[in-house]
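Trainee: Attaching a single structure in structure tokens format; questions to follow.
The values are calculated or read from the model by the stated rules, or taken from the named source; none is laboratory data. Predicted model only: the values in this text are computed from it and were never measured. With ideal geometry, Cβ positions are generated from the backbone for all residues, glycine too; neighbour counts draw on all protein chains shown.
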């Protein structure tokens, strides 16, 4: 009996030792981390304990702006532990500022097995500045300096713009948005160029949920941000509305909608457009579907035309037409098809219709449109006076 009990206890102990929970201490232990110097380099580290003999180590890096993950086989040392340190040159692997980097390792063992180290994430923030932060609902604003009102001003401008944009754009669910207010245009330009991107005065990474703008002068900050923040917010919301098809959105429609959202669009647009219409040098809209001209003068004209055409569609066909045009692109329509499906006419026909509305009026017609009401009132006054003079006098 005693021998049977002893045998049972011994068998039970051996069984318990064989359970997975008892071997947890022998499972691999990974320590993975990364650090970076903005625009220069990123260093990745891995220490792995209790791993079998390894024959290869591969680092994978993914970011929202990359179509596929970047991978690289790296050098390692293995004794009792596996130790890896690997540098990535960020002048070659261009990361978008403020993107979220996801990285992981795959280890190949001598038996051909694969061990995957759990993913880690790192926010690639421009760490050349000490950012102040304020958050309201899904929007977080970062800015530099000691003015606490600047961050709140940006939040207020975005909050004021949202109702207007809800009427203008297809409906989307709220999502996290990060806004960075750079202290100078030169600082923003340097940050973008460090990451291989050209400077355009303000910048949106709609795939990242990030907007970069400048707030240079406290006295003009309200005007400047009233122009730049709604503009970039439109790009963010359009991406949220149509996702993968965002790059197929006609550029004139994308930028026209963004400019329409500004509190005070560039005042030179009207003059540039008026001159081009009078000189018959407007740009064909089919050329503005995918790219704007490189020269500054033609680029300004492209923005002016895009703004004017979107205004024309809104005035004559309504906000619903603009929304339907965006959704047509989301459904796979190209530039001309999106217009014809929504408005029942080709892009060329729409362009001609718009251009006729922009033709300069004769001096007489312009004078009458501006002063006709005054003349009608004056004539009416003369008529009433004449009637009073001709009517029999009352005694």
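Trainee: For the stretch 46-55, indicate whether the set of residues that are within 25 Å of residue 210 (Cβ to Cβ) and touching a strand residue (DSSP E or B) at 6+ places or on another chain (Cβ under 8 Å) is non-empty.
Mentor: No.
Trainee: In addition: For residue 103, all conditions in the list (1) surrounded by 16 or more Cβ atoms within 10 Å (Cβ to Cβ); (2) more than 28 Å from residue 27 (Cα to Cα) hold save one; what is the number of the exception?
Mentor: Going through the list (1) surrounded by 16 or more Cβ atoms within 10 Å (Cβ to Cβ); (2) more than 28 Å from residue 27 (Cα to Cα), residue 103 breaks only (2).
Trainee: Give, as residue ranges, the helices (runs of 4 or more DSSP H) completely inside the stretch 157-273 that count at least 3 residues that are under 20 Å from residue 306 (Cβ atoms) and in contact with a helix residue (DSSP H, G or I) (Cβ under 9 Å, 6 or more places away or on another chain). Steps first, please.
Mentor: Details: elements: 185-194, 221-242, 251-261.
Counting at least 3 such residues, we get 221-242, 251-261.
Trainee: On to the next question. Restricting to the stretch 214-253, give me the number of residues that are in contact (Cβ under 8 Å) with a residue 40 or more places away in the chain and either within 14 Å of the chain's Cα centre (by Cα) or within 23 Å of residue 285 (Cα to Cα) (or both).
Mentor: Looking only at that region, the number is 19.
Trainee: Would you confirm, using the coordinates I've provided, whether residue 151 is out of contact with any helix residue (DSSP H, G or I) (no Cβ under 6 Å at 6 or more places or on another chain) and closer than 25 Å to residue 244 by Cβ?
Mentor: Criteria not met by residue 151.
Trainee: Among the candidates 150, 169, single out the residue that is more than 21 Å from residue 133 (Cβ to Cβ) and either in the same structural domain as residue 329 (by TED's automatic domain parsing) or in contact (Cβ under 8 Å) with a residue 12 or more places away in the chain (or both).
Mentor: Exactly one of 150, 169 is more than 21 Å from residue 133 (Cβ to Cβ) and either in the same structural domain as residue 329 (by TED's automatic domain parsing) or in contact (Cβ under 8 Å) with a residue 12 or more places away in the chain (or both), namely 169.
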